Structures are given as structure tokens and as C-alpha cells.
1. Restrict the check to the stretch 58-79 and report whether at least one residue is buried (at least 21 other Cβ atoms within 10 Å of the Cβ) and under 15 Å from the mean Cα position of the chain (by Cα).
2. If the requirement is being surrounded by 22 or more Cβ atoms within 10 Å (Cβ to Cβ), in a loop (DSSP other than H, G, I, E, B) and in contact with a strand residue (DSSP E or B) (Cβ under 6 Å, 6 or more places away or on another chain), which of these qualifies: 162, 123?
3. Of everything in the stretch 184-194, what is more than 15 Å from the ligand (Cβ to nearest atom) and in contact with a helix residue (DSSP H, G or I) (Cβ under 7 Å, 6 or more places away or on another chain)? Give them in sequence order.
4. Which ones in the stretch 102-120 are within 15 Å of the ligand (Cβ to nearest atom), in a helix (DSSP H, G or I) and touching a strand residue (DSSP E or B) at 6+ places or on another chain (Cβ under 7 Å)?
5. Just checking, does the stretch 168-183 include any residue being within 16 Å of the ligand (Cβ to nearest atom) and over 16 Å from residue 1 (Cβ atoms)?
6. Could you say whether any residue in the stretch 58-80 is within 15 Å of the ligand (Cβ to nearest atom) and touching a residue at least 40 places away in the same chain (Cβ under 8 Å)?
7. Read through the list (1) within 13 Å of the ligand (Cβ to nearest atom); (2) surrounded by fewer than 18 Cβ atoms within 10 Å (Cβ to Cβ); (3) within 20 Å of residue 190 (Cβ to Cβ), then give the number of the only condition that residue 5 fails.
8. For the stretch 142-154, state whether one or more residues are surrounded by 19 or more Cβ atoms within 10 Å (Cβ to Cβ) and within 15 Å of the chain's Cα centre (by Cα).
Ligand code: E4P
């Protein structure tokens with residue numbers, strides 16, 4: 001499973017890139033708003049730090065507006081991916097961009113039907129929002145599992161980005177459910193790599209090392 005960072009924070013990306021963990025980045029308007037910077041500047045900077053795909057979301061709701069934004073964003077960097085909402089207009093824009101060879105990420109996927117339509121429209125990536133489904137009492141990870149089954153069954157090329165990942169269980173289950181990618185907030189990383197038995201083991205080794213004749 002590939003690992004994307006779900007953030008618009010350049011310093012966070014720079015720090016985590018050093019660990020060799022960042023296969024790509026996803027952003028959304030809410031994450032960009034937190035940075036208080038110009039959208040284009042943020043995306044261009046992220047694209048220069050990360051060699052993998054970087055999703056930048058359009059805000060238009062009509063096809064013409066989406067395509068206008070997409071064509072502009074696509075000029076910013078070779079690794080930029082156009083993120084589009086899962087709507088009728090989003091599907092039409094996805095199909096058009098597919099024909100033009102521009103990569104897309106269809107976001108806000110909450111059902112197998114939505115994911116299947118986005119994949120058929122030519123989405124490079126589809127993003128089921130696991131945490132937001134869990135929030136309303138629906139099993140978000142079941143959606144990831146079912147989408148993987150459907151994509152494989154019909155030989156559809158889209159890759160699943162498990163999104164709205166909130167805790168370590170989501171991360172681990174996304175890998176088991178067959179997500180091609182999990183996109184996670186940087187704040188979750190220490191939770192992934194830390195374990196109390198690891199810390200305890202280091203303490204014990206260091207204490208024992210003191211007994212070794214020097
Ligand atoms: C993914 O592309 C989205 O940016 C993100 O995962 C949304 O997560 P949230 O539900 O925590 O806002």
C-alpha cells in the first residue's frame with residue numbers, strides 16, 4: 001500500500017519526506033485554508049518537494065468551470081492531479097480530462113455506486129472517505145473492501161485512495177482491505193510508528209548496557 005500525506009503544510013511534508021514515506025500528497029480546500037497562503041504557491045511548492053502525485057481540488061461546480069480550473073492547475077507541475085467532486089459535472093469533467101491524458105482524483109466517494117461510476121468515467125484515483133462514513137454509523141472500511149473487489153472484478157484501472165483516515169486501525173485495515181493508497185494526516189504518523197513495548201525495550205537494553213564492562 002502506498003502512503004500519501006493528507007496535508008497542505010509544506011514544513012510537515014519536508015519533515016516526513018526525509019523518512020522516505022511519502023509516495024504522494026492529497027490536499028483539499030479545508031486543508032489549504034489552514035495554511036493562509038495562495039493555493040497555487042502551496043501546490044507548486046509541494047510538487048517540487050514530492051515526486052509522486054499531488055492532488056489539488058477544483059472548487060467550481062459546473063463542467064466548464066471545473067475544466068478551466070483543471071487546465072490551469074495542470075500547468076503548475078507535471079505531478080499534479082486534478083481532484084474533482086463526485087457529481088454529474090465532476091464525472092463529465094473526469095471523462096474529458098481522461099481523454100486529454102490529465103490525471104484525476106474523484107473525491108467524496110461514499111458508496112460503491114459512486115466509486116464504480118467514477119472509475120468508469122476514467123478517474124485515475126477514487127477517494128472513499130472512511131472516517132466520515134464511520135461518523136454516521138456506516139462501516140467505512142467495508143466500502144474500501146467492496147470497491148477493491150469491484151475494480152478487480154471488472155478490470156478497472158482506478159486506484160483507491162483510502163481517505164478520511166482517523167486512527168491506526170483505519171490505516172491497518174485499509175492495507176488489509178486492499179486500498180492501493182492510504183492518505184493520512186501527518187499528526188497520525190507517530191501513532192503508527194510508536195509502541196509502548198518498543199520504548200520499554202529500548203529502556204531495558206540501555207539499562208543492561210550499563211552493566212557491560214567498559
Ligand atoms: C482526502 O483526500 C481528504 O482530503 C481527507 O482525507 C478528508 O479527511 P477528513 O474527513 O478528516 O476531513
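1. So far as the stretch 58-79 goes, no, none of its residues is buried (at least 21 other Cβ atoms within 10 Å of the Cβ) and under 15 Å from the mean Cα position of the chain (by Cα).
2. Going through 162, 123 in turn, the sole match is 123.
3. Kept after step one, since they are more than 15 Å from the ligand (Cβ to nearest atom), are these residues of the stretch 184-194: 190, 192-194.
Of everything in the stretch 184-194, just one residue is more than 15 Å from the ligand (Cβ to nearest atom) and in contact with a helix residue (DSSP H, G or I) (Cβ under 7 Å, 6 or more places away or on another chain), namely 192.
4. Within the stretch 102-120, 115, 118 qualify.
5. no
6. no
7. It fails just one condition, (2).
8. Yes, the stretch 142-154 contains at least one residue that is surrounded by 19 or more Cβ atoms within 10 Å (Cβ to Cβ) and within 15 Å of the chain's Cα centre (by Cα).
Laboratory data are not the source of any read-out in this text; all were calculated from the coordinates shown. Every value quoted in this text rests on a predicted model; they were computed, and no experiment measured them. Glycine also receives a Cβ, built like all others from the backbone with ideal geometry; neighbour counts cover every protein chain displayed.
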